[in-house]
1. State to the nearest 20 debye the size of the charge dipole of the stretch 65-111 about its Cα centre, where the only charges are +1 on K and R beta carbons and -1 on D and E beta carbons.
2. Using 0.36 nm times the number of residues separating Ser351 and Ser192, minus their current alpha carbon distance, what extension gain do you get?
3. Could the peptides 127-140, 245-258 be put in order, highest first, of the mean number of other beta-carbon atoms found within 10 Å of their residues?
4. For the stretch 72-325, take N as its residue count and report Rg(C-alpha) divided by 2.2 N^0.38 Å.
5. Taking every alpha carbon pair in the chain, what does the distance histogram look like in 10 angstrom bins from 0, in percent?
6. For the chain, what is the accessible area per residue in Å², given a 1.4 Å probe and the full set of protein chains?
7. What is the spin-label model distance, in nm, from Arg333 to Glu397 if the labels are put 7 Å beyond Cα along the C-beta direction?
8. Between Thr5 and Ala169, what is the FRET efficiency for a Förster distance of 35 Å, r being their Cβ-Cβ separation, to the nearest 0.05?
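The values are calculated or read from the model by the stated rules, or taken from the named source; none is laboratory data. From a predicted model like this one, the values you see are computed outputs, not experimental measurements. With ideal geometry, Cβ positions are generated from the backbone for all residues, glycine too; neighbour counts draw on all protein chains shown. Note: accessible area is taken over every heavy atom of the protein model, side chains too, but ligands, DNA and RNA are not part of it. Shrake-Rupley method; radii C 1.70, N 1.55, O 1.52, S 1.80 Å.
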Amino acid sequence: MKARTGSEQWFAIAQRYLVGGVNSPVRAFRAVGGTPFFVERAEGCRVWDVDGHAYIDYVLTWGPAILGHAHPRVVREVQAAAARGTSFGIPHPGEVRLAEVVCRCVPSIEKVRLCNSGTEACMTAVRLARGFTGRDKIIKFAGCYHGHVDSLLVKAGSGALTFGHPDSAGIPQDFARHTIVLPYNETEPVKSAFAAHPGQIAAIILEPVAGNAGLFVPKPGWLEFLREITAREGALLIFDEVMTGFRVAPGGAQQRYGIRPDLTTLGKVIGGGLPVGAVGGRAEIMDYLAPTGPVYQAGTLSGNPLATAAGLATLEELGVVAHRPEDNPVYRRLEELGAALEQGLREAARSAGVALTLNRCGSMFGLYFTDRPVWNLDDAMTSDRERFRRFFHGMLEAGVYLAPSPFEAGFLSTAHGEAEVESTVRAAAEVLRRV
Ligand SMILES: *Cc1c(COP(=O)(O)O)cnc(C)c1O
């Protein structure tokens, strides 16, 4: 066993001053047991803990680090921006440049509002949808996570799942009552909901590729169905692309699947590792936001110059403007790496005789220890959590860091290479034989 004395000491101190020793619940390793490691530094596709162990990182700060950690260009741009001032609260060119790139790349976005997190973006999108339509109800899908927004923290994915209280304490029944939760990838329940609440549903919000309960993808035709029924019923279609935006394609899942939502939320990759969120969409809807419209939204640090510098540097390095989406070599490379990892892990599970369902979309993947296909939260929940726990710790011991929960997605970056994928697959082949 690797000695983790440094991490253990830090975790003891952390628990004295931080709730549960962390600032975001899943980091506490509760779903897998044991002590979280504390990071000394991160570079490329690796993180080093305070005890000097290196890990190949498939969490990548939960998705943002698509170029790997501490990418030289991102670091340089952030340093240069910091020297010019860390926050203005006054309009500046950097925020306009980032907004322009987002509008040019994401097919359905004509105007954007930057904020500081994915949670804020989703909160704003829902408020905007309600303000624009004059309706109160929202449809969401079980297992989709849209940040810790009151009305959306109902049957949510991510940490809320493994913590056994998907309906968080502290949310008035009156808020949750306007949220209709339906199973992902099904059509009948959506039709019934519209029939049961005529003229009352403001929007459907969903992750077009669900990455917060492991990973499951939309069935062919399902997104088209949602687009069609929302348009017909006068409701908005909101794609939460906080995770998938600039990740599964330069223009996100909406580009990959060819669907135009009315509103889109972004975060993670567009901040290049700094705190950013964004909501964007049709200009007619976006103009409902203050100062042009009646829906209020604001932020002291919104459009922060360090965050916009990191985001812009990341998007430029990804070549999202320089290349047409279908010719982008960076995304092609990420796809190839994803396919290699998928194939290797499948092979490793097969030869170890372990039932593994692996879902992948580009450089995102989800692993389930189950013998059935996973299309929704119920399928995901059939994954053997005990086996995941043993697999997670075996991989960590072998120097591979996967998300410390059976219901989180994994990510690849441009800093991962064939060598890392091969050593990960080798480690998995060995660990799977004894879990
Ligand atoms: C991460 C995530 C959020 C929340 O973003 P934060 O920046 O953590 O607030 C919302 N929606 C999706 C799909 C996410 O993956």
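1. Here the size comes out at about 120 debye.
2. 52.8 nm
3. Going from most to least packed, we get 245-258, 127-140.
4. Its radius of gyration relative to the 2.2 N^0.38 Å reference: 0.98.
5. Cα pair-distance distribution for the chain, in percent: 5, 22, 32, 27, 12, 2, 0.
6. Result: 41 Å² of accessible area for each residue.
7. According to this spin-label approximation, the distance is 3.5 nm.
8. Computed FRET efficiency for Thr5 and Ala169 comes out at 0.45.
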